[in-house]
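S.K.: Just dropping this structure here.
The values are calculated or read from the model by the stated rules, or taken from the named source; none is laboratory data. If you're wondering where the values come from, they're calculated on a predicted model, not measured in any experiment. With ideal geometry, Cβ positions are generated from the backbone for all residues, glycine too; neighbour counts draw on all protein chains shown.
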Amino acid sequence: MYQTLDDPVDVIAVFENHSLKPMRFRWRGKVHKVSRVTGSWKSREGTYVIRHYSLLDTDENFFELAYNERLSQWTISKIWQE
């Protein structure tokens, strides 16, 4: 089942083909390497853009990360837990 969160997270990302791409992130003291970005989309908070990324880590765990452009801050917004 999905769990909704709003936890801050440290992310290493690169610009690839004019797009931001998360490569790895640290959450609750553990580093997760991104194996695949399965989707990306944008939402708005007023006039500011929030960039969302659904991804799998190398252990096949699902996460949804969000980058708030106004705050220059990454958060984990969803995880999949069985």
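S.K.: Of the residues HIS32, HIS18, only one is at pLDDT 95 or above and of a type outside the set (Lys, Arg); which?
M.R.: Selected residue: HIS32, the only one of HIS32, HIS18 that is at pLDDT 95 or above and of a type outside the set (Lys, Arg).
S.K.: Being assigned to a strand (DSSP E or B) and more than 13 Å from the chain's Cα centre (by Cα) is the filter; apply it to region 15-30 and report the residue that is nearest to ASP59 (Cα to Cα).
M.R.: So, considering only residues that are assigned to a strand (DSSP E or B) and more than 13 Å from the chain's Cα centre (by Cα), the one nearest to ASP59 (Cα to Cα) is LYS30.
S.K.: Can you confirm whether region 47-69 contains a residue that is outside any strand (DSSP E or B), surrounded by 11 or more Cβ atoms within 10 Å (Cβ to Cβ) and touching a Gly at 6+ places or on another chain (Cβ under 9 Å)?
M.R.: The answer is no; no qualifying residue exists.
S.K.: Within region 19-27, can one find any residue that is free of Cβ contacts under 8 Å to residues at least 40 places away in the same chain, hydrophobic (A, V, I, L, M, F, W, C) and exposed (fewer than 15 other Cβ atoms within 10 Å of the Cβ)?
M.R.: yes
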